[in-house]
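What follows is a single structure, written as structure tokens, with notes after it.
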2 protein chains.
Amino acid sequence: MDIAKILSGIRIDQQATAPMYLQLANSLAAKIKECTLPSHTKLMPERELASLLKVSRTTVINAYRLLEENGLVTTRVGSGTYIAELSAGDGNTGNMPWEQLFSPPYKSPLASLLRSLVSSPTADDTISFAAGMPDPQLYDLTILENLINQYPDLPKETFGHISIEGYSPLRHSLAAWQTTLGIPTSPDNVLIVSGSQQGLYLLVKALVEPRDYVIVESPTYLGTIQLLEAAGARILCLPQSDTLDLAVLEDYLIRYRPKFFYTIPTFQNPAGRVMSLAQRQELIRLAARYRLAIVEDDPYSQLYYGQQPPPTLKSLDTYGGVIYLSTFSKILFPGLRTGWITAPPPVINRLAQEKQYIDLHSNNLSQIILHACLRQDYLAQHLAVVRREYKKRRDALAGAIQQYCPAHLDFTLPAGGFYLWCKVRPPASPAELLRHAAAAGVTFVPGEAFYLNQPDSPYIRLCFVTHDEARLTEGVRRLAKILASGAANAPLAADTNVRPLI
Amino acid sequence: MDIAKILSGIRIDQQATAPMYLQLANSLAAKIKECTLPSHTKLMPERELASLLKVSRTTVINAYRLLEENGLVTTRVGSGTYIAELSAGDGNTGNMPWEQLFSPPYKSPLASLLRSLVSSPTADDTISFAAGMPDPQLYDLTILENLINQYPDLPKETFGHISIEGYSPLRHSLAAWQTTLGIPTSPDNVLIVSGSQQGLYLLVKALVEPRDYVIVESPTYLGTIQLLEAAGARILCLPQSDTLDLAVLEDYLIRYRPKFFYTIPTFQNPAGRVMSLAQRQELIRLAARYRLAIVEDDPYSQLYYGQQPPPTLKSLDTYGGVIYLSTFSKILFPGLRTGWITAPPPVINRLAQEKQYIDLHSNNLSQIILHACLRQDYLAQHLAVVRREYKKRRDALAGAIQQYCPAHLDFTLPAGGFYLWCKVRPPASPAELLRHAAAAGVTFVPGEAFYLNQPDSPYIRLCFVTHDEARLTEGVRRLAKILASGAANAPLAADTNVRPLI
């Protein structure tokens, strides 16, 4: 074994945060644990390794000393430093049967997809229509200054543990703001959560037991499908249509007594649809009659590009059965990790009980910043800016499609939100299109991700807020090229009807 | 019904965040929903209510209009404004059977206790020995400036969605820092969590299924007992003693094949004990033989007031079976809501999968601030400051007890951490003491909170870091007075041995 060869592979970064001797110790520890450097191997003398790696001798000495403290090497005076005799599986996780210890995980076909959706747009030339994320270039980070302007005047307890339900001033300003939006809210109707993902998690935790029924729209937010499946819920889908099918809904209510109906009534994700006021009123009437709990997920209603959308279901709630969920991630930036739930106190209390186990309370810093934003009536101004910009982008995407691939993609222009829900005309298939698109540097989410089970959905979801107009247009050009070439056409299914003549 | 009387109760705060008409609308909405103002009631004319509440007429007009939009009042032209006819249970949660919808909650006798423990010290004169929280006066909030100094130079994506495992620069600097503490760590061994409470939650979620066995020390952190009970675990307690009873531990391993052993080896909560190096090495040897997963909860080891404590179990880990958990809450401040788990990649990956459902990733702002702290080697300096201060406080509390109630409280001086674990000498009882102490303006946690089932534990936990020396001494004086008076003595149990002569 050529030890010099192995060790010469070690890279020491002079600029790195970690002291060089630690970098070296870590690299060596790794090689020891993965047995690239087996027990009893004699390490190079400090001086030699130092010159080999172009570091000082002290660096090597300190690294060896640290390894020795950790029992990974032993020094024999006058002889040198040797890799220690490791008891079976020393530091080697291969010997710890972790996989056998874990509870059977819920393996979602979509998990990795959701994960990739929240990962920020790639640095390279890829144009992403996939991530449902505002454009970082539109983040107004100056609101962070609110923290610095305030902290010297705030009681220091503000930065200690606060109540599970959230930073009290924020609960007050949020309640006041929401009241201006037509939902009379008092602070004790508000639970601050660590992003609306956590809001959904808490709701599922508090309301859903295995084999419980839950109604969702189809298609719907894939994160919700995942949470419900992970909780063992039995999911009832309201058939896709432009109007809410109340007859089917009522039938579900009678047959299955579902725990709740999860809906995104405004600028729905992914379909971009808006439930009409009439439908909302009928839904509330029906829900009130059956005492059906409604979870209204509403991250987008403030992002309208024309008329204001109809009032929220929560503002029409006549029976105290609507749980309202929203977030600052889509209108400000996701890194604040702050959303909220508005619901009757019994619900808030039950959710707070669950939240206590999960993180005691949400991050104070974001809550302090957001309270300042609300108090300064900042949101209205910021919303005006992003609405103007996103409207342009929606129109740019729609225009590009009409210009470059009108024969292949059909869509209805959404009145707000983030998404254009496109039908890919056969014979092109979303899966094939995605395969070639990724190679051509453009990505999107295939429609099937938003269904429980529609692997052959002809739809794709294009998010139009992440990139500027030029990039959006270029993205469509790339898609158009693939579609025009026929490369995205579904492979012909083998003819299964041929039978031997008997 | 004297409507003027009811309405005159409404308070409008001219200074409040919420516009006055919203405050008014909310107050009225509340009275309508709670039926203090029943259907068909005629509201006062705008002008009269305005003068009654000393607000402008426009304020009242806008409030009435908002209520009308929300269907809570109706205006009859020429007649006035009336409370609307509300369909049964309009906005009245009484008619939504929430309690019947919730999954059976885990009702912990300790839940409210834990909740009160995280609530910040009360403003009044009460001296709290209860909350296990650093003294807000020692929070160094200037570290918040790191956010402002950095954000203009950071890529804006930094404030979007980041990876579930955490802010990559922080994972690197944390790994490097931890390596200096004797745990060779690479960034992919690190998962950033929203406080160590979340770390525990994720571990229980990933490892524990109902009826699984888990071993804990007795006494131990009550939050862990709660999480395990909520998960339906069967909890095996290692009998309380000054040394770890490895014979019992091994017997548990053979009989029950537990999922893991949860331990706080350094400055244990609540007992303040430190596991000796020899015990740690024996524990690791035993655990390695049985492939026992160890969860090492280590929030306090950097808070030593004399000798450095022995190396962490993780740094002695020879078989990759130790999962290390720590937090910045105790050494910096809890409002950062940031902790971390160090473990082999298979564990990190499994926990990240659970975390994705709970909050996608932890708060970016805190992670950016903490990365700066670690890069600037700030922690060492700050730790030196708090160590010096907390040592004084520990000694002040111990000294005061020896001066004022040596005959009633016994303790061993802890070498670090937050807590003095005191035995209350009979006939005084912790429960009685707490009852009188609360009245006298001093609180603490009775020992029973840290056991699965020891209602008559003679111990109490006194946290010595939250108040300065003078307050600590005053707190002890108050306790001493109660103890001296005999008021805290346990009520005599009725003599159950008396039997009728037959």
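The values are calculated or read from the model by the stated rules, or taken from the named source; none is laboratory data. What you see is a predicted model; the values in this text were computed from it and never measured. We place every Cβ from the backbone using ideal geometry, glycine too, and count neighbours over all the protein chains shown. Surface areas here come from the heavy atoms of the whole protein model, side chains and all, with no ligands, DNA or RNA. Shrake-Rupley method; radii C 1.70, N 1.55, O 1.52, S 1.80 Å.
Brief remarks follow.
- Residues with amide H under 5 Å from that of B:Gly416, placed H, sequence gap 5 or more: B:Tyr305
- Across all directions, the shadow cast by the convex hull of region A:217-317 built on its C-alpha atoms averages 6.2 square nanometres.
- With a threshold of 25 Å on the Cα-Cα distance, the over-threshold entries among B:Lys330/B:Lys355; A:Lys314/A:Lys355; A:Lys205/B:Lys31 are A:Lys205/B:Lys31.
- The Rg/Rh ratio for the protein assembly as shown is 1.00, where Rg is the radius of gyration of the alpha carbons and Rh is the Kirkwood radius.
- Near-label residues of region B:157-171 by backbone N, under 20 Å of a point 7 Å along Cα→Cβ of A:Ala30: B:163-171
- With every protein chain in place, region A:3-83: carbon and sulfur % of accessible area (1.4 Å): 52 percent
- Counted residue by residue at 0.36 nm each, then reduced by the alpha carbon distance between them, the extension gain from A:Arg425 to A:Ala484 reaches 20.1 nm.
- For the protein assembly as shown, the antiparallel share of DSSP beta bridges with both residues in that region comes to about 60%.
- Those residues of region A:317-340 for which accessible area with every protein chain present is at least 20 Å² below the isolated value (1.4 Å probe): A:Thr318, A:Tyr319, A:Gly320, A:Pro334, A:Gly335, A:Arg337
- Multiplying the residue separation of B:Val77 and B:Glu282 by 0.36 nm and subtracting their alpha-carbon distance yields 65.2 nm.
- For chain A, convex hull of alpha carbons as volume per residue, Å³: 248 Å³
- For region A:161-376, the normalised intensity computed at q = 0.08, 0.09 Å⁻¹ comes to -0.26, -0.33 (log10 of I(q)/I(0), Debye sum over alpha carbons, equal scatterers, no solvent).
- Interface burial in region A:147-173 reaches 20 Å² or more for A:Leu147, A:Ile148, A:Tyr151, A:Lys156, A:Glu157, A:Phe159, A:Gly160, A:His161, A:Ile164, A:Glu165, comparing the full protein assembly with the chain by itself; accessible area from heavy atoms with a 1.4 Å probe.
- At least 30 Å² accessible surface lost relative to isolated chain, residues of region B:191-212 (1.4 Å probe): B:Gln197, B:Tyr201, B:Leu207, B:Glu209
- Total accessible area lost when A and B pair, probe 1.4 Å, Å² to nearest 100: 9500 Å²
- Annotation: aspartates and glutamates with alpha-carbon distance below 18 angstrom to A:Lys259 (same-chain offsets under eight excluded): A:Glu209, A:Asp212, A:Glu217, A:Glu229, A:Glu250, A:Asp251, A:Glu296, A:Asp297, A:Asp317, A:Glu354, B:Glu99.
- Whole-number percent relative contact order across region A:3-83, with pairs defined as alpha carbons under 8 Å at least 6 apart: 33 percent
- Cross-link partners of A:Lys481 among lysines (Cα-Cα below 22 Å; sequence separation of 8 or more within a chain): A:Lys423
- The aspartates and glutamates whose alpha-carbon is closer than 12 Å to the alpha-carbon of B:Lys392, local same-chain residues fewer than 8 away aside, are B:Asp468, B:Glu469.
- Per-residue extension of 0.36 nm, minus the Cα-Cα distance of B:Asp2 and B:Thr243, leaves a gain of 79.6 nm for this segment.
- Relative contact order [Cα under 8 Å, 6+ residues apart], chain B, whole percent: 16 percent
- Per DSSP, loop chymotrypsin sites (Phe, Trp or Tyr not before Pro) in region B:417-453 with at most 12 further Cβ within 10 Å: none
- Each Cα pair under 8 Å and six or more residues apart adds its separation to the average, and for region A:161-376 the resulting relative contact order is 28 percent.
- Per residue value of the accessible surface for chain A (all protein chains in place, 1.4 Å probe), Å²: 39 Å²
- With a Förster radius of 35 Å applied to the beta-carbon distance between A:Asn95 and A:Thr126, the computed FRET efficiency rounds to 0.30.
- Label points for B:Thr180 are taken 7 Å from Cα along Cα→Cβ. From this copy to the others they lie 4.7 nm apart, shortest first.
- Under the convention that each Lys and Arg Cβ holds +1 and each Asp and Glu Cβ holds -1, the size of the dipole of region A:161-376 around its Cα centre is about 240 debye.
- Here is how the number arises for chain A: DSSP H runs of 4 or more residues each give -39500 (n - 2.57), the sum is divided by the residue count, and the result at 222 nm is -12500 deg cm²/dmol.
- Projected-area mean, region A:3-83, by convex hull of Cα positions, square nanometres: 4.8 nm²
- Sorted shortest first, the distances from the A:Asn95 label point to those of the same residue in the other copies are 6.8 nm; each point sits 7 Å from Cα along Cα-to-Cβ.
- Across the accessible surface of region A:161-376, with the other protein chains kept in place and a 1.4 Å probe, carbon and sulfur atoms take up 50 percent.
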